[in-house]
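J.: My questions all concern the structure below.
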Amino acid sequence: NSSLALKGTTPTLTIGDAGAEDTKIVFDGNAQDFYIGLDDSADDLIIGLGSTVGTTPIISVDENKDVAIPDGGLTITTADTSTNLTLKSTDASASAAPRMIFERDSASPADSDQLGLTMYFADNDAGESTNFFEIKALAVDVSDGTEDGQLRFSGIVAGSSVEYLRFDPGSGGVVFNDGSADLNFRVESDGLTHAMFVDAGNDLVHLGTSSSFGTFLNISGGSTHDIGIENSTGNKSQIIAKNNSSSHNTQM
C-alpha cells in the first residue's frame, strides 16, 4: 500500500510544464480503468474510461466553463424533498433567463420526428415504476420555410395512456381529447363550476350548466341571468330567457 499526502497551508500539485501536452491521472481498476486528464489540444478537462485522454469521455469541461456529457445519462438523486436541480441566472437585463434547450441535432431530420419527451414516473401500489404523465414535442413538418411543430400532453387513465391536449397549428390548432376518449372538458368562472362544459360520454355541450335539456347544446343563465345573442352592429338582438320553470320566452 502507498499513499501521497500534500501538507501545508496551501499544498499544490502541478502536472505538466505549460507545454502543448496532454496530462492525466489514471485509476487502474480491476475490470475498468478511469482517467482524469487535460486534452490540451481542445482545452478540455475530461473524466473518461480507459487510460488515454480523449478516449470514451464521460464528462468534459471546456475553457468557457461549459460542461458536456458526450454519451450517457445524468441521474441526480436525493433522499428527501430537497431540490434536485436549480437553474439560476443573475442577468439584470430584460432578456429571457435562465434558459433550457432541448435540441435534436439530427443529420437527417424527417417529418413526425419526436423532438423531446418529458415523463413523470412513480411506483404504483404493486411497486411497479409507472409513467403517469408525459409531455411530447414533435416536428410535424421539417421543410425549410414551412416548419410545423406539435406539443402533446398525455396521462394515464384507468391504466392506459390518454392524450389530453394537443397544440398542432398544422392540422388542428389547439385540440382537447384528439383521441376521442371519454374525457370531459370543463371551464369554471368565478361563480359557475360549469361555465363551459363538454360532456364527452354523452356527446353534449353545456354553457352555464351540467344538465341536459334534451338537446345537443344546452344553455342556462340560471335563475337570475338572461341569455343574449347580439350581432356585431348592436342594432339587432335576440334575447332568450329561461327561468327554473318550464316556461320559455323569446324576444326579438
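J.: In square nanometres and to one decimal, what's the mean projected area of the convex hull around the Cα atoms of region 135-218?
T.: If you wrap the Cα atoms of region 135-218 in a convex hull and average its projections, you get 7.3 nm².
J.: Using a ≥ b ≥ c from the Cα gyration tensor of region 53-114 (square roots of the eigenvalues), is it rounded, prolate or oblate, where a/c under 1.5 gives rounded and otherwise the larger of a/b and b/c decides, a/b for prolate?
T.: Details: a/c = 1.40, a/b = 1.16, b/c = 1.21.
Rounded, since a/c falls under 1.5.
J.: From Cα pairs below 8 angstrom and at least 6 apart in sequence, can you work out the relative contact order of the chain, rounded to a whole percent?
T.: Values: 421 pairs, mean separation 13.4, N = 252.
The normalised contact order for the chain reaches 5 percent.
J.: Using 7 Å Cα-to-Cβ label points, what is the Ile76/Ser51 separation (nm, one decimal)?
T.: Spacing of the two 7 Å Cα→Cβ label points: 3.6 nm.
J.: In addition: Provide the three semi-axes, in whole Å and in decreasing order, of the ellipsoid equivalent to the chain as defined by the square roots of 5 times the Cα gyration tensor eigenvalues.
T.: Values: eigenvalues 769, 98, 80 Å².
Over the Cα atoms of the chain, the ellipsoid semi-axes are 62, 22, 20 Å.
J.: Let me ask something additional. May I ask you to order 4-17, 44-57 by the average number of other C-beta atoms within 10 Å around their residues, highest value first? Walk me through the intermediate numbers first.
T.: Numbers: 4-17: 6.9, 44-57: 17.1.
Highest to lowest by the protection proxy: 44-57, 4-17.
J.: Decide, for region 87-149, between rounded, prolate and oblate: order the square roots of the alpha carbon gyration tensor eigenvalues as a ≥ b ≥ c, take rounded if a/c falls under 1.5, and otherwise choose prolate if a/b is larger than b/c, else oblate.
T.: Numbers: a/c = 3.18, a/b = 1.19, b/c = 2.69.
Because a/c hits 1.5 or more and a/b fails to exceed b/c, region 87-149 counts as oblate.
J.: When you take every Cα atom in region 72-197, what is the radius of gyration, and what is Dmax, the widest Cα pair distance, in Å?
T.: Here Rg and the maximum Cα pair distance are 18.9, 54 Å.
J.: Here is a follow-up. Highest mean first, how do 194-205, 141-152, 75-86 rank when packing is the count of other Cβ atoms within 10 Å averaged over residues? Let's see the in-between values first.
T.: Working: 194-205: 15.0, 141-152: 12.8, 75-86: 6.2.
Result, highest mean first: 194-205, 141-152, 75-86.
No lab work stands behind these numbers, since they all come straight from the coordinates. On a predicted model such as this, the values are computed, not experimentally measured, just so you know. Heads up, the Cβs are rebuilt from the backbone with ideal geometry, glycines too, and the neighbour counts pull from every protein chain shown.
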